[in-house]
Amino acid sequence: MKVKSNSKLAIFDTFKTKDGDLTGEANRQRAIIMILANSANPAERTRTGISQKIAKKHGITWKNIYSGIFRDLDEILLPMEIAEEDGRLPLKRGPKALQEKGIPFYHLTKKGILIALSISEVKNRGDLLKMFFSQSEPSEKEFEKILSTLLQTSPNFTYSIFQKYVKAFCDNKFKDLLPFELSKLKEISDESLVIQKEILEAFTKLSKQDKDDALRFLNEITSEK
């Protein structure tokens, strides 16, 4: 049985019977968003280019996944304004009408950039965070300084905030991703955030020796064997 939110965005959808494994739809949508976030080349951001890039990574024929990529873009990512057309590439062959129109290629919108920040496989999230806040409204600017500071010292924690925020949206905990308001996270019960807040508050009250001891302890239990 598949655990699927009512939202069309499926990047966190999992199979109940496969120990939380992401569904094919979730992986496909994540792959599209990653390509649009990381690829500067317009040819890689067409429907065909996206299909070919994903197919090459998995060693499959791109034509076998094209229909799924087409559906994710045209029925989900474009209507939800997560991605939008960024221009058109000229076509040298094919029907004359299609040659004149060209082939559309896409990029992420501000909403799409926010979603990309929640996906750990996206490589350039530091640049995306700057891009997101360069497009932000005054009400969103208040988070820029603290999140940028936390990113320097606690990148995993910082990106986990975006992950929890976007997942809450996918789980229909709130209606709109934008404007970006961390107060929306209050509407969900997340024990990990409560624990992280408790640790941060406690750490500021410890003596230097106690801080060193605490860090040694945490390093011991989190270091790889």
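Computed quantities for the displayed model
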quantity: Highest-MSF residue in the chain out of S39, S139, S120 [GNM, Cα springs under 10 Å]; calculated: S139
quantity: Alpha-carbon Rg with Dmax, taken over the chain, Å; calculated: 20.5, 75
quantity: Two-site label geometry, S192 and E144: point separation in nm, points 7 Å out along Cα→Cβ; calculated: 2.8 nm
quantity: Proximal aspartates and glutamates relative to K101, as straight alpha-carbon distance under 16 Å, when same-chain residues fewer than 8 apart are discounted; calculated: E85, D86
quantity: Over 19 Å (Cα to Cα) - which of K164/K184; K8/K175; K56/K110; K8/K167; K16/K56; K56/K111 fall in this group; calculated: K56/K110; K16/K56; K56/K111
quantity: Magnitude of the charge dipole, the range 2-222, Cβ model with Lys/Arg +1 and Asp/Glu -1, debye to 20; calculated: 1000 debye
quantity: GNM flexibility winner over the chain from L91, L128, L73 (Cα, springs under 10 Å); calculated: L91
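Computed from the coordinates by the stated procedures, all read-outs in this text should not be read as laboratory data. Treat the numbers as computed from the prediction; the structure is a model and nothing was measured. FYI the Cβ positions are ideal-geometry reconstructions off the backbone, even for glycines, and counts take in every protein chain you see.
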